[in-house]
Amino acid sequence: MKILHTADLHLGQVIYQNYDRSDEHQHFFRQLEQWCKEEQPDALLVSGDVFDIQQPSATVKKTFTDYFVRLHQECPQMHIVITAGNHDSASRIQADSSIWELANAHLVGTPPTIDSLDNNDGWQYNYIIRLDSGYIVALPYMTGDRRNVIQSILDKVADDNTMRLPVVMMAHQAVTGLDPAGHHFDIGTLRTLDPSAMGNGYDYLALGHIHKPQTIGHKEDDNINTIAAHRSPVVRYSGSALHVSCDETYPHTVSLVEIDCHQGKVQIRQLRIDELRHFYVLPSDGTSFTSADEALESMTEFVSKGERGYIRFRFDMNTDLPSNFGQMIYDALLPYNDEWRYNPKMLWTGVSDSKDSEKEELVFEVAELQQMTDPMMFIERTQDQYPGLDLEDVRQAFEEVKAEMLLLNEEKEVKNRQKTTAPEQ
Ligand SMILES: [Mn+2]
């Protein structure tokens, strides 16, 4: 069984509040198409975060359709499997699934629930795609530990798999042991699941969510030029299609995975993605600018030598920048028609002369915010910005709201039960 594994496309991403990345995505899809044609995989897997936001614009939806229809036309035998990530709307991905079946594409948006286990209607088969060469278990983004639900699906596969065909499972999940390089969340706040919570019975777990390509427990796979061979089971992040932020300084790849049989050998080859725009930090020699003029001059020279990219500056902490510095840079880049772009989040080095100049801003990543279920976590981490706030008061208020909501829910349930037990008319 041969698969191409990618994830975290983030179609429609707007970077630095300003820049549309559709040409960068187009550049990625051209490469993906070429790889599909050359390698003829049995399936192309996209493990979640297809879109950057839950309700992408009509233009972004059209590019999604155009790209995947084209991939299908070029490789009609290839199955395309797309699952929803935490950035996607589960129900919107699911809503289009039946029409996509006509293009040999399987879209899975809505996850199974804990209650699914009480059902005996074969719900597990909604997540199982049976190919001639093996099985794909397509799990979209789920919250919490669902190991019983997942195992129940894998057990159905095991029952059917008398020919010992390879089993690939997809998920969008942070697992223990991952390297979060390039993400803003620090590992303490990231909710990770132990890989054992993903059940037993798969040979390759095709993960999405973390943007750095990596095989869990096999650091040596970071070398993108070697062909890795491991015994089943293998747990791997393909990494994202584009550099989603400038902090992702490692190369991005698509994983080409071959599995000989169930519980057999898993071989991984990485296909290096060429980026349309690279991320640059100036000065490129590792020093820091000490004046706005110096930065502007250096940038003008730098961009005249290349075609396109993202520019970010490194300044000494004590540099006095004019308040219109950003505007100066945007103006200087105007003739380049968005080919050269500006990342206004600067890097600061050195020690500040004055103690009160707090230049480091607290930043949350979107994915981290979406996974934050406790509002107190957010408030605690931003409390510096609200000096007058009594955290105990706020905590108390949330507790009251929570209790009130529980009560309302109970009342609603009681009413529903009364309705269903009432005799039929
Ligand atoms: Mn994600």
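The values are calculated or read from the model by the stated rules, or taken from the named source; none is laboratory data. Nothing here was measured: the structure is a model prediction, and the numbers come from that model. Please note: Cβ atoms are built from the backbone with ideal geometry, for glycine as well, and neighbour counts cover all protein chains shown.
Points worth noting:
- Qualifying residue in the stretch 296-306 (condition: in the same structural domain as Asp8 (by TED's automatic domain parsing) and of a type in the set (Val, Ile, Thr)): no
- Residue count, the stretch 136-169 (criterion: modelled with pLDDT of 90 or more and within 13 Å of the ligand (Cβ to nearest atom)): 3
Residue by residue, here is whether (1) assigned to a helix (DSSP H, G or I); (2) within 28 Å of Ala174 (Cα to Cα); (3) aromatic (Phe, Trp, Tyr); (4) without any contact (Cβ under 8 Å) to a residue 60 or more places away in the chain holds:
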site	(1), (2), (3), (4)
His25	yes, yes, no, no
Phe29	yes, yes, yes, yes
Gln34	yes, no, no, yes
Lys37	yes, no, no, yes
Pro41	no, yes, no, no
Asp49	no, yes, no, no
Pro56	no, yes, no, yes
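- Checking Gly122 against (1) at positive phi; (2) crowded, with 20+ Cβ neighbours inside 10 Å, the condition it does not meet: (2)
- Filter pass, His25 being more than 16 Å from the ligand (Cβ to nearest atom), under 17 Å from the mean Cα position of the chain (by Cα) and more than 26 Å from Ser152 (Cα to Cα): yes
- Options Gln263, Gln267: the member that is at pLDDT 95 or above, assigned by TED's automatic domain parsing to the domain that holds Thr162 and under 22 Å from Gln34 (Cβ atoms): Gln267
- The set of residues in the stretch 259-282 that are under 20 Å from Asn337 (Cα atoms) and surrounded by 20 or more Cβ atoms within 10 Å (Cβ to Cβ) contains only Arg277.
- Among residues that are closer than 21 Å to Leu205 by Cβ, in the same structural domain as Val254 (by TED's automatic domain parsing) and more than 16 Å from the ligand (Cβ to nearest atom), Ala58 is not included.
- Considering only residues in the stretch 72-91 that are assigned to a helix (DSSP H, G or I) and either within 13 Å of the ligand (Cβ to nearest atom) or touching a helix residue (DSSP H, G or I) at 6+ places or on another chain (Cβ under 9 Å) (or both), the one that is farthest from Val108 (Cα to Cα) turns out to be Glu74.
- Yes/no for Tyr202 being of a type in the set (Phe, Trp, Tyr), more than 19 Å from the chain's Cα centre (by Cα) and at pLDDT 95 or above: yes
- Residue within the stretch 187-210 that is over 24 Å from Asp155 (Cβ atoms), touching a Gly at 6+ places or on another chain (Cβ under 9 Å), assigned to a strand (DSSP E or B) and of a type in the set (Val, Ile, Thr) present: no
- Residue among His183, His209, His172 that is within 16 Å of the ligand (Cβ to nearest atom) and out of contact with any strand residue (DSSP E or B) (no Cβ under 6 Å at 6 or more places or on another chain): His183
- Condition met for Gln31 (closer than 18 Å to Asp274 by Cα and in the same structural domain as Val60 (by TED's automatic domain parsing)): yes
- Of residues in the stretch 1-14 being touching a Leu at 6+ places or on another chain (Cβ under 9 Å) and in a strand (DSSP E or B), the one nearest to the ligand (Cβ to nearest atom): Ala7
- Residues within the stretch 101-117 that are over 24 Å from the mean Cα position of the chain (by Cα) and assigned to a loop (DSSP other than H, G, I, E, B), tallied: 0
- Pairs where the first residue, in the stretch 169-182, is at positive phi and the second is surrounded by fewer than 16 Cβ atoms within 10 Å (Cβ to Cβ), C-beta under 6 Å, 6+ apart: Gly182/Asp247
- Search result, residues across the stretch 118-150 that are more than 24 Å from the chain's Cα centre (by Cα) and not in a loop (DSSP other than H, G, I, E, B): Asp118, Trp123, Gln124, Tyr125, Arg130, Asn148
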